[in-house]
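Engineer: This structure is in C-alpha coordinates; I'll ask about it shortly.
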Amino acid sequence: MTLRIGDLSRRLGALTLLTGILAVTGCAAPGDLRGTNDLGIIIERAKGAALVVDTTARKPLGQVTGLGDLSHASAVYSRDGRYAFVFGRDGGLTKVDILTRKVVKRVVQAGNAIGGAISQDGTLVAVSNYKPGGVKVFDSATLDLVADVPADYGPAERSKVVGLVDAPGQKFVFSLWDGGEIWVLDMVDRANPKLTKFENVGLNPYDALISPDGRYYVAGLFGEDGMALLDLWHLDKGVRKVLSGYGKGEQKLPVYKMPHLEGWAIAGNLAFVPAIGHHAVLVIDLLTWTEVGRIPVHGQPVFVMARPDGRQVWVNFAIPHNDTIQVIDVPTRKIVKTLTPGKGVLHMEFTPRGEEVWLSVRDTDTVMVYDTRTIEPVTSFPADKPSGIFFTDRAGRIGL
(Lines give C-alpha, C1' and ligand atoms only; values in the text may rest on other atoms or scores of the structure.)
Protein backbone atom coordinates (compact mmCIF):
# COMPACT_ATOMS: atom_id res chain seq x y z
CA MET A 1 0.00 0.00 0.00
CA THR A 2 1.32 3.43 -0.92
CA LEU A 3 0.84 6.12 1.70
CA ARG A 4 0.63 9.55 0.15
CA ILE A 5 1.94 12.65 1.88
CA GLY A 6 -1.59 14.04 2.27
CA ASP A 7 -2.80 10.87 4.03
CA LEU A 8 0.20 10.91 6.36
CA SER A 9 -0.42 14.55 7.18
CA ARG A 10 -4.09 13.89 7.99
CA ARG A 11 -3.21 10.94 10.21
CA LEU A 12 -0.54 12.89 12.06
CA GLY A 13 -3.04 15.71 12.52
CA ALA A 14 -5.62 13.32 13.98
CA LEU A 15 -3.00 11.90 16.33
CA THR A 16 -2.03 15.39 17.45
CA LEU A 17 -5.69 16.27 18.04
CA LEU A 18 -6.22 13.09 20.10
CA THR A 19 -3.12 13.85 22.17
CA GLY A 20 -4.43 17.35 22.79
CA ILE A 21 -7.82 16.04 23.90
CA LEU A 22 -6.19 13.64 26.33
CA ALA A 23 -4.07 16.46 27.73
CA VAL A 24 -7.06 18.78 28.15
CA THR A 25 -9.25 16.15 29.81
CA GLY A 26 -6.41 15.39 32.19
CA CYS A 27 -6.48 11.61 32.02
CA ALA A 28 -5.44 10.48 35.48
CA ALA A 29 -4.40 7.25 37.00
CA PRO A 30 -7.39 5.13 38.10
CA GLY A 31 -6.57 5.73 41.76
CA ASP A 32 -6.99 9.50 41.27
CA LEU A 33 -10.58 9.24 40.02
CA ARG A 34 -13.59 8.71 42.25
CA GLY A 35 -17.21 9.59 42.71
CA THR A 36 -18.73 11.13 45.81
CA ASN A 37 -21.71 8.92 46.56
CA ASP A 38 -19.99 6.81 49.22
CA LEU A 39 -18.46 9.78 51.01
CA GLY A 40 -19.59 11.91 53.92
CA ILE A 41 -18.44 14.10 56.77
CA ILE A 42 -18.42 13.66 60.53
CA ILE A 43 -18.37 16.77 62.69
CA GLU A 44 -15.59 16.93 65.27
CA ARG A 45 -17.30 19.48 67.46
CA ALA A 46 -14.50 20.34 69.90
CA LYS A 47 -11.97 21.05 67.15
CA GLY A 48 -14.09 22.98 64.70
CA ALA A 49 -13.26 20.33 62.14
CA ALA A 50 -14.85 17.65 59.98
CA LEU A 51 -13.63 14.21 59.02
CA VAL A 52 -14.20 13.24 55.40
CA VAL A 53 -15.10 9.53 55.41
CA ASP A 54 -15.48 6.69 52.93
CA THR A 55 -18.49 4.50 53.72
CA THR A 56 -17.30 1.68 51.47
CA ALA A 57 -13.88 1.43 53.09
CA ARG A 58 -15.39 2.39 56.47
CA LYS A 59 -12.59 4.81 57.28
CA PRO A 60 -11.64 8.49 57.41
CA LEU A 61 -9.87 9.95 54.38
CA GLY A 62 -8.74 13.19 55.98
CA GLN A 63 -9.75 16.20 58.03
CA VAL A 64 -10.94 19.71 57.18
CA THR A 65 -10.25 22.35 59.84
CA GLY A 66 -11.16 25.99 60.37
CA LEU A 67 -14.93 25.51 60.48
CA GLY A 68 -15.58 27.60 63.60
CA ASP A 69 -17.88 26.76 66.51
CA LEU A 70 -19.45 23.38 65.74
CA SER A 71 -21.10 22.82 69.14
CA HIS A 72 -24.37 22.64 67.21
CA ALA A 73 -23.59 21.94 63.56
CA SER A 74 -25.35 20.55 60.53
CA ALA A 75 -24.59 20.22 56.82
CA VAL A 76 -26.21 19.91 53.41
CA TYR A 77 -24.71 18.96 50.03
CA SER A 78 -24.52 20.35 46.52
CA ARG A 79 -26.40 18.38 43.87
CA ASP A 80 -23.26 16.53 42.78
CA GLY A 81 -22.31 15.66 46.35
CA ARG A 82 -18.91 17.32 46.04
CA TYR A 83 -19.48 20.32 48.27
CA ALA A 84 -20.70 20.27 51.86
CA PHE A 85 -22.19 23.44 53.29
CA VAL A 86 -21.53 23.40 57.03
CA PHE A 87 -23.63 25.53 59.38
CA GLY A 88 -21.95 26.44 62.68
CA ARG A 89 -23.29 27.76 65.95
CA ASP A 90 -21.20 30.93 65.56
CA GLY A 91 -23.14 31.95 62.45
CA GLY A 92 -20.50 30.56 60.13
CA LEU A 93 -21.45 29.16 56.73
CA THR A 94 -18.56 27.18 55.24
CA LYS A 95 -18.37 25.62 51.79
CA VAL A 96 -16.13 22.54 51.87
CA ASP A 97 -14.78 20.59 48.90
CA ILE A 98 -14.84 17.01 50.19
CA LEU A 99 -12.74 15.68 47.30
CA THR A 100 -9.82 18.04 47.90
CA ARG A 101 -10.68 18.32 51.61
CA LYS A 102 -10.31 22.08 51.59
CA VAL A 103 -12.41 25.08 52.59
CA VAL A 104 -13.64 26.83 49.44
CA LYS A 105 -15.14 29.84 51.21
CA ARG A 106 -16.40 30.79 54.65
CA VAL A 107 -18.69 33.63 55.73
CA VAL A 108 -19.82 34.52 59.24
CA GLN A 109 -23.33 35.68 58.47
CA ALA A 110 -24.88 35.98 61.95
CA GLY A 111 -24.07 35.88 65.65
CA ASN A 112 -25.82 32.61 66.44
CA ALA A 113 -27.11 30.14 63.85
CA ILE A 114 -28.97 26.85 64.14
CA GLY A 115 -28.92 25.14 60.72
CA GLY A 116 -29.70 25.48 57.06
CA ALA A 117 -31.01 24.04 53.82
CA ILE A 118 -30.25 23.98 50.10
CA SER A 119 -32.79 24.80 47.42
CA GLN A 120 -34.41 22.30 45.09
CA ASP A 121 -32.16 23.27 42.17
CA GLY A 122 -29.05 23.53 44.35
CA THR A 123 -28.34 27.19 43.55
CA LEU A 124 -29.31 28.68 46.92
CA VAL A 125 -28.29 27.95 50.49
CA ALA A 126 -30.41 29.29 53.36
CA VAL A 127 -29.35 29.68 57.00
CA SER A 128 -31.66 29.97 60.02
CA ASN A 129 -30.49 32.32 62.74
CA TYR A 130 -31.13 32.89 66.42
CA LYS A 131 -29.24 36.19 66.59
CA PRO A 132 -30.32 38.27 64.86
CA GLY A 133 -33.40 36.17 64.28
CA GLY A 134 -34.22 35.46 60.67
CA VAL A 135 -33.13 33.66 57.51
CA LYS A 136 -30.38 34.63 55.10
CA VAL A 137 -30.13 33.13 51.62
CA PHE A 138 -26.84 32.83 49.71
CA ASP A 139 -25.75 31.90 46.21
CA SER A 140 -24.32 28.37 46.57
CA ALA A 141 -21.53 28.97 44.04
CA THR A 142 -20.17 32.21 45.49
CA LEU A 143 -21.75 32.49 48.97
CA ASP A 144 -22.84 36.00 48.02
CA LEU A 145 -25.92 37.21 49.92
CA VAL A 146 -29.13 36.94 47.89
CA ALA A 147 -31.87 37.63 50.47
CA ASP A 148 -32.13 38.73 54.11
CA VAL A 149 -35.44 37.89 55.81
CA PRO A 150 -35.72 39.23 59.39
CA ALA A 151 -38.11 37.19 61.55
CA ASP A 152 -40.07 40.19 62.77
CA TYR A 153 -43.45 39.61 64.39
CA GLY A 154 -45.75 41.62 66.61
CA PRO A 155 -45.24 45.37 67.12
CA ALA A 156 -41.43 45.35 67.32
CA GLU A 157 -40.20 41.86 68.13
CA ARG A 158 -37.84 39.48 66.38
CA SER A 159 -37.93 35.71 66.75
CA LYS A 160 -35.38 32.94 66.73
CA VAL A 161 -35.83 30.78 63.63
CA VAL A 162 -35.98 26.97 63.80
CA GLY A 163 -37.02 24.08 61.59
CA LEU A 164 -35.70 25.47 58.30
CA VAL A 165 -36.16 23.00 55.40
CA ASP A 166 -36.15 23.08 51.63
CA ALA A 167 -39.37 22.38 49.75
CA PRO A 168 -40.34 21.76 46.12
CA GLY A 169 -40.88 24.81 43.94
CA GLN A 170 -37.70 26.58 45.06
CA LYS A 171 -39.15 27.24 48.52
CA PHE A 172 -37.84 27.30 52.07
CA VAL A 173 -40.13 26.74 55.06
CA PHE A 174 -39.31 27.63 58.66
CA SER A 175 -40.82 28.33 62.08
CA LEU A 176 -40.58 31.23 64.53
CA TRP A 177 -39.85 29.95 68.05
CA ASP A 178 -40.87 33.16 69.83
CA GLY A 179 -43.55 34.23 67.39
CA GLY A 180 -45.44 30.94 67.07
CA GLU A 181 -45.57 31.28 63.29
CA ILE A 182 -44.65 29.31 60.15
CA TRP A 183 -43.34 31.14 57.08
CA VAL A 184 -42.95 29.94 53.48
CA LEU A 185 -40.26 31.74 51.48
CA ASP A 186 -40.63 31.46 47.69
CA MET A 187 -37.29 32.04 45.90
CA VAL A 188 -38.34 31.33 42.31
CA ASP A 189 -37.52 34.96 41.53
CA ARG A 190 -34.44 35.48 43.65
CA ALA A 191 -34.59 39.24 43.09
CA ASN A 192 -38.14 39.37 44.46
CA PRO A 193 -38.64 36.75 47.21
CA LYS A 194 -42.21 36.14 48.31
CA LEU A 195 -43.29 35.39 51.88
CA THR A 196 -46.44 33.61 53.04
CA LYS A 197 -46.97 33.81 56.80
CA PHE A 198 -49.11 31.63 59.05
CA GLU A 199 -49.70 33.08 62.51
CA ASN A 200 -50.78 31.51 65.81
CA VAL A 201 -49.72 27.99 64.87
CA GLY A 202 -48.94 27.04 68.48
CA LEU A 203 -46.63 27.83 71.38
CA ASN A 204 -42.89 27.67 70.74
CA PRO A 205 -42.36 25.51 67.65
CA TYR A 206 -38.98 23.97 68.52
CA ASP A 207 -38.09 21.94 65.43
CA ALA A 208 -39.74 20.79 62.24
CA LEU A 209 -39.56 18.33 59.40
CA ILE A 210 -40.83 17.92 55.89
CA SER A 211 -42.20 14.62 54.58
CA PRO A 212 -39.92 12.87 52.07
CA ASP A 213 -42.28 13.72 49.21
CA GLY A 214 -42.08 17.41 50.14
CA ARG A 215 -45.78 17.83 50.77
CA TYR A 216 -46.20 18.17 54.54
CA TYR A 217 -44.33 20.47 56.91
CA VAL A 218 -44.74 19.48 60.56
CA ALA A 219 -43.54 21.58 63.48
CA GLY A 220 -43.26 20.20 67.00
CA LEU A 221 -44.62 22.47 69.73
CA PHE A 222 -42.66 22.85 72.96
CA GLY A 223 -45.20 25.05 74.72
CA GLU A 224 -48.13 22.67 74.24
CA ASP A 225 -48.81 19.05 73.42
CA GLY A 226 -49.21 18.45 69.74
CA MET A 227 -47.80 19.49 66.38
CA ALA A 228 -48.60 22.06 63.70
CA LEU A 229 -49.20 20.67 60.19
CA LEU A 230 -49.00 22.62 56.93
CA ASP A 231 -50.00 21.01 53.62
CA LEU A 232 -47.74 22.69 51.05
CA TRP A 233 -50.05 21.56 48.25
CA HIS A 234 -52.90 23.54 49.77
CA LEU A 235 -51.52 26.63 51.48
CA ASP A 236 -54.99 28.18 51.36
CA LYS A 237 -56.13 25.67 54.01
CA GLY A 238 -53.66 27.07 56.52
CA VAL A 239 -52.05 25.30 59.48
CA ARG A 240 -53.91 22.77 61.57
CA LYS A 241 -53.08 21.12 64.87
CA VAL A 242 -52.48 17.38 64.96
CA LEU A 243 -51.83 15.03 67.88
CA SER A 244 -53.16 17.65 70.28
CA GLY A 245 -53.10 16.51 73.88
CA TYR A 246 -51.00 13.38 73.36
CA GLY A 247 -49.48 13.93 76.83
CA LYS A 248 -52.63 15.18 78.52
CA GLY A 249 -53.26 13.70 81.93
CA GLU A 250 -49.76 12.30 82.22
CA GLN A 251 -46.85 13.53 84.28
CA LYS A 252 -44.37 15.11 81.90
CA LEU A 253 -40.69 14.68 82.70
CA PRO A 254 -38.07 17.46 82.59
CA VAL A 255 -36.77 17.83 79.05
CA TYR A 256 -33.00 17.23 79.02
CA LYS A 257 -32.52 17.61 75.27
CA MET A 258 -34.91 18.68 72.57
CA PRO A 259 -35.89 15.90 70.14
CA HIS A 260 -34.76 16.34 66.55
CA LEU A 261 -37.77 15.93 64.30
CA GLU A 262 -35.66 15.95 61.13
CA GLY A 263 -34.60 12.50 62.22
CA TRP A 264 -38.15 11.14 62.27
CA ALA A 265 -38.80 7.72 60.83
CA ILE A 266 -41.22 6.91 58.02
CA ALA A 267 -42.13 3.34 57.21
CA GLY A 268 -44.98 2.91 54.76
CA ASN A 269 -47.93 4.95 55.98
CA LEU A 270 -46.55 5.21 59.50
CA ALA A 271 -44.31 7.78 61.12
CA PHE A 272 -42.34 7.14 64.31
CA VAL A 273 -41.80 10.38 66.22
CA PRO A 274 -40.06 11.19 69.53
CA ALA A 275 -42.52 12.17 72.26
CA ILE A 276 -41.19 15.31 73.93
CA GLY A 277 -40.92 14.92 77.71
CA HIS A 278 -41.86 11.24 77.64
CA HIS A 279 -40.05 7.89 77.45
CA ALA A 280 -41.93 6.95 74.33
CA VAL A 281 -41.95 6.88 70.55
CA LEU A 282 -45.29 7.83 68.99
CA VAL A 283 -46.64 5.94 65.99
CA ILE A 284 -48.60 8.20 63.63
CA ASP A 285 -50.88 7.22 60.77
CA LEU A 286 -49.85 9.55 57.93
CA LEU A 287 -53.22 9.21 56.22
CA THR A 288 -55.15 10.62 59.16
CA TRP A 289 -52.37 12.28 61.20
CA THR A 290 -53.58 10.57 64.34
CA GLU A 291 -51.71 8.55 66.95
CA VAL A 292 -52.17 4.82 66.43
CA GLY A 293 -49.59 3.53 68.85
CA ARG A 294 -47.00 4.33 71.48
CA ILE A 295 -43.82 2.37 72.11
CA PRO A 296 -42.23 2.64 75.57
CA VAL A 297 -38.47 3.17 75.28
CA HIS A 298 -35.42 3.43 77.52
CA GLY A 299 -35.37 7.22 77.92
CA GLN A 300 -36.33 10.49 76.28
CA PRO A 301 -35.75 9.95 72.53
CA VAL A 302 -33.71 12.46 70.55
CA PHE A 303 -33.35 10.92 67.09
CA VAL A 304 -35.86 8.35 65.83
CA MET A 305 -34.53 7.18 62.47
CA ALA A 306 -35.73 4.60 59.98
CA ARG A 307 -33.48 2.29 58.03
CA PRO A 308 -33.88 3.17 54.32
CA ASP A 309 -36.09 0.13 53.67
CA GLY A 310 -38.36 1.08 56.60
CA ARG A 311 -38.03 -2.28 58.37
CA GLN A 312 -36.19 -0.98 61.45
CA VAL A 313 -36.25 2.18 63.55
CA TRP A 314 -33.18 3.13 65.59
CA VAL A 315 -33.55 5.43 68.62
CA ASN A 316 -31.02 7.32 70.73
CA PHE A 317 -31.66 9.21 73.95
CA ALA A 318 -31.00 12.31 76.01
CA ILE A 319 -28.98 12.25 79.23
CA PRO A 320 -28.81 10.34 81.52
CA HIS A 321 -29.56 7.53 79.01
CA ASN A 322 -27.35 8.74 76.17
CA ASP A 323 -25.18 5.61 76.25
CA THR A 324 -28.00 3.52 74.81
CA ILE A 325 -29.48 2.71 71.40
CA GLN A 326 -32.73 0.77 70.93
CA VAL A 327 -33.83 -0.92 67.71
CA ILE A 328 -37.55 -1.22 66.93
CA ASP A 329 -38.93 -3.83 64.51
CA VAL A 330 -41.55 -1.97 62.48
CA PRO A 331 -43.99 -4.85 61.69
CA THR A 332 -44.29 -5.87 65.35
CA ARG A 333 -43.54 -2.42 66.85
CA LYS A 334 -41.38 -4.20 69.41
CA ILE A 335 -37.89 -3.40 70.65
CA VAL A 336 -35.67 -6.18 69.33
CA LYS A 337 -32.30 -4.99 70.55
CA THR A 338 -30.82 -2.67 73.16
CA LEU A 339 -27.21 -1.58 72.64
CA THR A 340 -24.83 0.35 74.87
CA PRO A 341 -22.10 1.69 72.54
CA GLY A 342 -20.87 4.21 75.12
CA LYS A 343 -21.63 7.57 76.69
CA GLY A 344 -22.73 10.37 74.43
CA VAL A 345 -24.29 8.68 71.40
CA LEU A 346 -25.17 11.91 69.61
CA HIS A 347 -26.01 10.96 66.05
CA MET A 348 -26.83 8.07 63.73
CA GLU A 349 -26.60 7.85 59.95
CA PHE A 350 -27.50 4.94 57.68
CA THR A 351 -25.43 4.11 54.63
CA PRO A 352 -27.41 4.89 51.45
CA ARG A 353 -28.91 1.40 51.10
CA GLY A 354 -29.14 0.76 54.82
CA GLU A 355 -26.87 -2.23 55.28
CA GLU A 356 -24.95 -0.38 57.98
CA VAL A 357 -25.47 2.45 60.46
CA TRP A 358 -22.76 4.73 61.83
CA LEU A 359 -22.91 6.08 65.38
CA SER A 360 -20.97 9.00 66.85
CA VAL A 361 -20.01 8.27 70.48
CA ARG A 362 -18.75 11.60 71.77
CA ASP A 363 -17.48 10.72 75.23
CA THR A 364 -15.30 7.86 74.01
CA ASP A 365 -14.06 9.78 70.93
CA THR A 366 -15.25 6.96 68.70
CA VAL A 367 -17.31 6.33 65.58
CA MET A 368 -18.90 2.88 65.56
CA VAL A 369 -20.29 1.02 62.55
CA TYR A 370 -23.03 -1.61 62.97
CA ASP A 371 -24.43 -4.20 60.58
CA THR A 372 -28.19 -3.54 60.55
CA ARG A 373 -29.06 -7.15 59.70
CA THR A 374 -27.20 -8.74 62.62
CA ILE A 375 -27.22 -5.59 64.78
CA GLU A 376 -23.61 -6.34 65.63
CA PRO A 377 -20.59 -4.00 65.47
CA VAL A 378 -18.51 -4.19 62.30
CA THR A 379 -15.71 -1.75 63.04
CA SER A 380 -14.85 1.50 64.77
CA PHE A 381 -12.31 4.29 64.45
CA PRO A 382 -11.25 7.31 66.52
CA ALA A 383 -12.71 10.79 66.09
CA ASP A 384 -12.36 13.85 68.31
CA LYS A 385 -15.70 14.43 70.07
CA PRO A 386 -17.77 13.33 67.06
CA SER A 387 -21.34 14.55 66.67
CA GLY A 388 -23.26 14.99 63.40
CA ILE A 389 -22.76 12.43 60.62
CA PHE A 390 -23.81 13.49 57.12
CA PHE A 391 -23.45 11.20 54.09
CA THR A 392 -23.61 12.52 50.53
CA ASP A 393 -26.75 10.60 49.58
CA ARG A 394 -28.55 13.45 51.36
CA ALA A 395 -27.85 15.50 48.22
CA GLY A 396 -30.78 13.86 46.43
CA ARG A 397 -33.28 13.97 49.29
CA ILE A 398 -35.78 16.66 50.26
CA GLY A 399 -35.36 18.22 53.69
CA LEU A 400 -31.86 16.86 54.26
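Engineer: Give me the residue from the stretch 267-290 that is under 19 Å from ILE335 (Cα atoms) and surrounded by fewer than 17 Cβ atoms within 10 Å (Cβ to Cβ) and, out of that set, modelled with the highest pLDDT.
Structural biologist: HIS279
Engineer: Which residues, taken from the stretch 123-134, are within 17 Å of the chain's Cα centre (by Cα) and either of a type in the set (D, E, K, R) or over 12 Å from VAL108 (Cα atoms) (or both)?
Structural biologist: Here is the first cut: in the stretch 123-134, the ones within 17 Å of the chain's Cα centre (by Cα) are 124-129.
The answer is LEU124, VAL125, ALA126, SER128.
Engineer: So in the stretch 352-371, with the set limited to residues that are over 16 Å from LEU51 (Cα atoms) and touching a residue at least 60 places away in the same chain (Cβ under 8 Å), which one is surrounded by the fewest Cβ atoms within 10 Å (Cβ to Cβ)?
Structural biologist: PRO352
Engineer: In a loop (DSSP other than H, G, I, E, B) and acidic (Asp, Glu) - does that describe any residue in the stretch 381-400?
Structural biologist: yes
Engineer: Let me ask something else. List pairs: first residue in the stretch 286-306 and in contact (Cβ under 8 Å) with a residue 40 or more places away in the chain, second residue among the basic types (Lys, Arg) and part of a strand (DSSP E or B) anywhere in the structure, Cβ distance under 9 angstrom, at least six positions apart or on different chains.
Structural biologist: Sorted first by the residue in the stretch 286-306, then by its partner, the pairs are TRP289/ARG240; ILE295/LYS334.
Engineer: Scan the stretch 247-266 and give yes if some residue there is aliphatic (A, V, I, L, M), over 28 Å from ARG311 (Cα atoms), at pLDDT 95 or above and surrounded by fewer than 19 Cβ atoms within 10 Å (Cβ to Cβ), otherwise no.
Structural biologist: No.
Engineer: Right, here's the next one. Search the stretch 193-228 for residues being of a type in the set (Gly, Ala, Ser) and within 20 Å of the chain's Cα centre (by Cα), and hand back the single one that is surrounded by the fewest Cβ atoms within 10 Å (Cβ to Cβ).
Structural biologist: For the stretch 193-228, the residue satisfying everything is SER211.
Engineer: Another question, then. Yes or no: GLU349 touching a Phe, Trp or Tyr at 6+ places or on another chain (Cβ under 6 Å) and either surrounded by fewer than 17 Cβ atoms within 10 Å (Cβ to Cβ) or acidic (Asp, Glu) (or both)?
Structural biologist: Criteria met by GLU349.
Engineer: Sort through LYS136, LYS102, LYS197, LYS171 and tell me the only one that's under 21 Å from GLY223 (Cα atoms) and among the charged types (D, E, K, R).
Structural biologist: That would be LYS197, the only listed residue that is under 21 Å from GLY223 (Cα atoms) and among the charged types (D, E, K, R).
Engineer: Looking at the stretch 372-381, is at least one residue among the hydroxyl-bearing types (Ser, Thr, Tyr), surrounded by 16 or more Cβ atoms within 10 Å (Cβ to Cβ) and farther than 17 Å from VAL315 by Cα?
Structural biologist: Within the stretch 372-381 (the criterion being among the hydroxyl-bearing types (Ser, Thr, Tyr), surrounded by 16 or more Cβ atoms within 10 Å (Cβ to Cβ) and farther than 17 Å from VAL315 by Cα), the answer is yes, since at least one residue qualifies.
Engineer: Related question: Applying the selection to the stretch 192-215, what residues are free of Cβ contacts under 8 Å to residues at least 40 places away in the same chain and either over 25 Å from PRO150 (Cβ atoms) or not in a loop (DSSP other than H, G, I, E, B) (or both)?
Structural biologist: Answer for the stretch 192-215, where residues must be free of Cβ contacts under 8 Å to residues at least 40 places away in the same chain and either over 25 Å from PRO150 (Cβ atoms) or not in a loop (DSSP other than H, G, I, E, B) (or both): LYS194, THR196, LYS197, ARG215.
Engineer: Sort out for me the strands (runs of 3 or more DSSP E) sitting completely within the stretch 121-185 that have 3 or more residues that are among the hydrophobic types (A, V, I, L, M, F, W, C) and more than 25 Å from ASP213 (Cβ to Cβ).
Structural biologist: Hits in the stretch 121-185: 145-150.
Engineer: So in the stretch 361-400, with the set limited to residues that are within 15 Å of the chain's Cα centre (by Cα) and of a type in the set (S, T, N, Q), which one is nearest to ASN322 (Cα to Cα)?
Structural biologist: The qualifying residue nearest to ASN322 (Cα to Cα) is SER387.
Engineer: Same structure again: Looking only at the stretch 19-67, filter to residues that are modelled with pLDDT under 70 and not small (Gly, Ala, Ser); which one of those is nearest to ASP384 (Cα to Cα)?
Structural biologist: Looking at the filtered set, the residue picked out is PRO30.
Engineer: Tell me yes or no: at least one residue of the stretch 352-365 is at pLDDT 95 or above, among the hydroxyl-bearing types (Ser, Thr, Tyr) and in a loop (DSSP other than H, G, I, E, B).
Structural biologist: No, there is no match, as no residue in the stretch 352-365 is at pLDDT 95 or above, among the hydroxyl-bearing types (Ser, Thr, Tyr) and in a loop (DSSP other than H, G, I, E, B).
Engineer: Please work out which one of (1) farther than 20 Å from GLY116 by Cβ; (2) at pLDDT below 95 is the condition ILE210 fails and give its number.
Structural biologist: Going through (1) farther than 20 Å from GLY116 by Cβ; (2) at pLDDT below 95 one by one, ILE210 breaks only (1).
Engineer: Same structure, new question: Could you check, for the stretch 69-76, whether at least one of its residues is buried (at least 24 other Cβ atoms within 10 Å of the Cβ) and either over 15 Å from ILE389 (Cβ atoms) or out of contact with any Phe, Trp or Tyr (no Cβ under 7 Å at 6 or more places or on another chain) (or both)?
Structural biologist: Yes; the residues of the stretch 69-76 include at least one that is buried (at least 24 other Cβ atoms within 10 Å of the Cβ) and either over 15 Å from ILE389 (Cβ atoms) or out of contact with any Phe, Trp or Tyr (no Cβ under 7 Å at 6 or more places or on another chain) (or both).
Engineer: Looking at (1) at pLDDT 95 or above; (2) closer than 30 Å to GLY133 by Cα; (3) surrounded by 18 or more Cβ atoms within 10 Å (Cβ to Cβ); (4) within 17 Å of the chain's Cα centre (by Cα), which is the only condition ARG79 fails?
Structural biologist: Condition (3) is where ARG79 drops out.
Engineer: Could you please tell me which pairs satisfy a Cβ distance under 9 Å, a separation of 6+ or placement on different chains, a first residue in the stretch 217-231 that is assigned to a loop (DSSP other than H, G, I, E, B), and a second residue that is polar (S, T, N, Q)?
Structural biologist: Sorted first by the residue in the stretch 217-231, then by its partner, the pairs are PHE222/ASN204; GLY223/ASN204; GLU224/ASN204; GLU224/SER244; ASP225/SER244; GLY226/SER244.
The values are calculated or read from the model by the stated rules, or taken from the named source; none is laboratory data. Given the structure is predicted, the values throughout are model-derived calculations rather than measurements. Cβ sites come from the backbone with ideal geometry, for glycine too, and all protein chains shown count toward neighbours.
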